[in-house]
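What follows is a single structure, written as structure tokens, with notes after it.
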Amino acid sequence: MRHHDQGLRLVPDHDPPIISSHIIFPPHCSAPSPLPSSTKMSSIDIEDSELSMHLLQEKDISSIISSQNGGLSFTEISDDDIPISQVVNESVAVKNNNNEHVGGQLGYFEVFMLMTSFQTSGSIILIPWSYGRLGFVVGPLVHLVVVGITLFLNCFMVDVVLGSKKVIKTLAGVGYELGGVAGQRLFLFLQMLNLMLYIPVALNTIALSLQYLFGNLENCGGDWFLITFGILLCLQQAVTEWKEAAWVACLTAAIAAARGLFLLPYAFATYREEVTSSDAYLGPALAAGSPENNWHDIALAVAAFSYSFAPSNVLVEIINDMRDKQSYKSALVTSSAFQLSIYVVAGLTGVLSWGWNLKDPITLQSTKGWIGSLLAAMVATAVCLNYIMASKIIINWVHVTFLPRVHAIWLRILFSTIALGLALAVPNLSTSIGVVAGICHIGSNTWAVSLAWIWGGKKIKKSTFHTWFMIIAGGVCMPYAVWVIAAAVHKIDTVDYSSWHFFCQVN
């Protein structure tokens, strides 16, 4: 801790762990760019943590004070003191001695695989239900619109990162570039909350997959949440270090592609006759909507599109670790097109084969067999890895920032218990996803970008078309987020726990 005599408060001198949303990437992807040779550094070993927290010593105090250092402390300076732009930008950025952006470790293909893996690992199983609710024509069109708006605004954030005089290292840094301290606080809040809300969604997804593999799909949902809680807590204790593993992203992306483009269509074709002849079959898919649509189901169906495509969660961190940063936008667009093709194939083959009344997630509707078991195992494995890494990162951040004297094991128990409580309170997967998408994903990828840009006086100049697009997108996406949140709240308020046979009855 250090103090500066120009009205600055005491703040921690370390950078927090890099946080991102429901998808976490291998550690080397979040490595900071090399510091200038003139900067002195030492390393603080955090117990039971794979992350090294760096302490900048004897460097100008103005270069290390921001919300990124310790998370929630902000500078308080007068007009005669250090310029706020210098304080915040320096805190989230470094450049080499030639005043150039420093290259990272990732190539184009690796970035493509990372983006694809992070977005699709646990999201493909949601899309068939959404297409069933919206229709096999309207569903893909709405999906395309959501992805298009999100991609446009994320490309704008890429321009902000690459066009800055500093190397922005976090999403909150983008918020500052757009809207000053207010934008920084908004983006930091959304990023932190996003990660914390993802943990119960991941627990829910894993529990449903394990229930399919080993249990009765018609009851005992709560019991499987408890079993999953115990398994994940043990895995958190066993896994204390993470090494560089770019191949994991390649593997999970390949699995996602195989699952969406081949395995799910094969399952839909194989079990089509069995599903369409069952009592649960309510008729073929419609081009627009379904016979039992309502406002909250439509909202949650669209929210699944925002949940399954949220590039901002890892956008800045990956840019910082890419060798050729100027090619990132191309990799992002290519990955987005590939992801959309996976989603559309899985969604359309599902509704056209099994009708509009599909379950959420679709794995719960698959007949027990090797295909369904393989799908459930793939989902559980991918999401389990994300859960462990997400929880480790948030626990490390809280441990270092707020509770350094508390042993990490107690924080694991605390956060796992919170995740269990939230999963039990919101047992329906589409509802829990609506909570995360409505509060975090839609905002950090759409309306928050427009709002921060307007807050900042639109100092980053764009064309007239771009300006109007930003304003309209923000004006549309903010009510969209409120609609999704309202739908999730309605579902939470009206859920009938007794109909779930929530906990097994022991005779």
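Taken along the Cα-to-beta-carbon direction at a fixed 7 Å, the label points for F402 and L193 span 1.5 nm.
For the range 127-230, the list of trypsin sites (Lys or Arg not before Pro) that fall in a loop by DSSP and count at most 16 other C-beta atoms within 10 angstrom reads K165. Per residue, the range 335-480 exposes an accessible area of 36 Å² to a 1.4 Å probe, with every protein chain left in place.
Taking amide H as placed 1.01 Å from N in the peptide plane, L106 has its amide H under 5 Å from the amide H of M322, R323, each at least 5 places away in sequence or on another chain.
Note on exposure: F187, F465 ranked by accessible area (1.4 Å probe, complete protein assembly) read F465, F187, with the most exposed listed first. Using r as the Cβ-Cβ distance of S277 and Q105, and R0 as 45 Å, what FRET efficiency do you calculate, to the nearest 0.05? The pair S277/Q105 has a calculated efficiency of 0.25. Using the Cβ-Cβ distance between K368 and S327 with R0 = 45 Å, the FRET efficiency computed as 1/(1 + (r/R0)^6) comes to roughly 0.50. Under the combined filter of DSSP loop state and at most 12 neighbouring Cβ atoms within 10 Å, the range 366-431 retains these trypsin sites (Lys or Arg not before Pro): K368, R405. The chymotrypsin sites (Phe, Trp or Tyr not before Pro) of the range 264-295 that DSSP puts in a loop, and whose beta carbon has at most 16 other beta carbons within 10 Å, are Y281. Take each peptide in 370-381, 197-208, count the other Cβ atoms within 10 Å of every residue, and average; sorted highest first, the result is 197-208, 370-381.
If r is the Cβ-Cβ distance from N293 to K459 and R0 is 56 Å, what FRET efficiency results, to the nearest 0.05? Efficiency, from the Cβ-Cβ distance: 0.80.
What a 1.4 Å probe finds exposed on the range 328-462 is 72% carbon and sulfur by accessible area, rounded to a whole percent.
The values are calculated or read from the model by the stated rules, or taken from the named source; none is laboratory data. Note that the structure is a prediction, hence the values are computed from the model and not measured. Glycine gets a Cβ as well: all are built from the backbone with ideal geometry, and neighbour counts include every protein chain shown. All accessible areas refer to the heavy atoms of the entire protein, side chains included, with ligands and DNA or RNA removed. Shrake-Rupley method; radii C 1.70, N 1.55, O 1.52, S 1.80 Å.
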